[in-house]
Every structure is written in C-alpha cells, then in structure tokens.
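In what follows, a single structure is set out as structure tokens and then discussed.
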C-alpha cells in the first residue's frame with residue numbers, strides 16, 4: 001500500500017516539522033492535513049498528560065532521569081514545563097515537604113527529597129507514558145517533514 | 001476513599017492503582033494506535049475503527065506474551081532440575 005507520506009523525493013517541510021515539536025501535530029495542521037494533525041496532537045498530548053496524571057510531575061526529571069528525558073523531550077515544550085514544575089514545586093518543597101532520604105555516602109548529610117517522590121509502579125508507568133509520547137511525537141515530526149502539503153506547498157523548503 | 005480525596009492530580013503519583021497498574025497497558029496502546037493511524041493511514045475514513053482494531057490486536061499480543069511468560073516462570077521453570 002502506498003500513501004503520500006512515502007514520497008521520499010519531495011521537498012522537506014522544515015518549518016512545519018519545527019512547529020510539530022512546539023505543539024504536536026501542528027506541522028500536519030499547517031500543511032493542510034487538519035484532521036490528521038489534530039488526531040496526532042490528541043494522541044501525543046493524551047499520552048503525555050496521562051503519564052503525568054499517573055506518575056506525577058516527578059516522572060519527568062531532566063537531571064535525575066536524563067536518559068528518559070531525552071526521549072520525553074520529543075513531546076516538545078510540555079516536557080520542559082513538567083520538568084520545571086518538578087524542580088520548582090516538588091524539589092523545593094513548595095508543594096509537599098522535603099524529607100531526608102538514606103544517604104549514598106554516610107559521611108555526607110542525607111539528601112532531601114520530596115514526600116511526593118515514589119518508587120511505585122505508578123511512577124514507572126507514568127515515566128513510560130511520557131517517554132512513549134515523546135517518541136511518538138518524533139514519528140509525527142518526521143511525518144510532517146516529508147508529507148506533501150495539501151495547500152500548494154506553502155511551507156516547503 | 002480518603003486517600004483518593006487527598007490525592008493531588010499531576011503532582012502526586014496515582015498510588016490508588018495498586019496491583020492493577022498493568023491495566024494501563026490498554027490506554028498506552030490506545031494512545032500509540034491513535035498517533036500511528038494518524039500518520040500512517042492514507043485517508044481518515046474509518047479511522048477510529050482502525051484505531052480500535054489495532055488497540056485490540058496489540059493488547060491481545062502483549063497479553064498473550066505476558067501469559068506465556070507467566071506459564072514459563074511458574075510452571076516450566078519449577079520442572080527444571082538443578083543437578
């Protein structure tokens with residue numbers, strides 16, 4: 001089965017692809033594929049928000065879970081916003097409270113962690129949802145990069 | 001119930017799931033299917049039916065794999081002799 005996304009010799013849509021990172025699915029919308037774009041947007045944002053709902057914002061952590069975050073960042077600025085919320089609200093103790101955790105080095109003072117931090121499956125599954133959202137948005141971005149415009153190629157380069 | 005009322009959505013993890021966390025496989029696969037069909041299908045006619053079909057198929061395959069691993073761990077491995 002062939003479809004428009006498989007035409008590999010057309011021009012690349014750099015601007016819609018970039019916009020697809022800023023807001024998932026926006027690249028397809030700019031190219032005139034509104035229904036396709038909004039459905040991709042719903043899927044990616046639905047996955048990401050479900051992940052944060054299940055695992056809390058702690059499941060997006062640029063410093064402690066950097067490898068997970070590299071993929072989560074594919075979902076766009078929403079991943080950085082979740083990481084900011086984690087750093088600014090939870091890790092500072094503005095929401096919840098800070099409690100000492102067992103130190104990895106007994107000669108150092110015990111590190112403080114938020115009382116909202118868990119090691120339950122909820123956190124793991126939430127991390128996986130956000131990770132999957134980021135990877136799926138990379139697929140959506142690549143699709144926007146190659147998909148022929150439905151509006152006379154206004155965004156192609 | 002009181003634990004649910006004290007829960008802060010998006011800030012605290014949803015610990016009420018307990019041992020039913022694996023059921024989240026269904027919405028995870030559904031989300032992947034929504035995005036996959038949105039970028040893969042040549043047209044959007046019958047989109048939701050195809051999303052549903054992919055969700056059911058992928059969950060059935062994952063569930064079968066989980067069942068096979070369960071049977072292997074709990075019934076096949078105990079039959080193996082250490083000597």
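Just so you know, all these numbers are worked out from the coordinates, no wet-lab data involved. Just so it is clear, the structure is predicted and the values come from calculations on it, not from any experiment. Cβ coordinates were reconstructed from backbone atoms using ideal geometry, including for glycine residues, and neighbour counts include every protein chain displayed.
Arranged from fewest to most other beta-carbon atoms within 10 Å of their beta carbon, A:64, A:124 become A:64, A:124. Across all directions, the average projected area of the convex hull around the alpha carbons of chain B is 9.8 nm². Per residue of A:88-101, other chain Cβ atoms within 10 Å of the residue Cβ number 1 on average. Computed over chain A with a Gaussian network model linking Cα atoms closer than 10 Å, the most mobile of A:87, A:115, A:104 is A:104. Going 7 Å from the Cα of residue B:26 in the Cα-to-Cβ direction, what parts of the stretch B:39-83 have a backbone nitrogen less than 19 Å from that spot? Inside the label zone: B:48-67. Spacing of the modelled spin labels on residue A:18 and residue B:44, each 7 Å from Cα toward Cβ, amounts to 2.6 nm. The per residue volume of the convex hull around the alpha-carbon atoms of the stretch A:14-149 is 100 Å³. Thinking of the protein assembly as shown as a set of Cα atoms, what percent of all their pairs are more than 30 Å apart? Of all Cα-Cα pairs in the protein assembly as shown, 39 percent lie more than 30 Å apart. The mean sequence distance of close C-alpha pairs (under 8 Å, at least 6 residues apart), as a share of the length of chain B, puts its relative contact order at 23 percent. For chain B, with a Gaussian network of springs between Cα atoms less than 10 Å apart, report the residue from B:23, B:62, B:54 with the top mean-square fluctuation. Fluctuation is largest for B:23.
Largest GNM mean-square fluctuation among A:147, A:62, A:36, using chain A with Cα springs under 10 Å: A:36.
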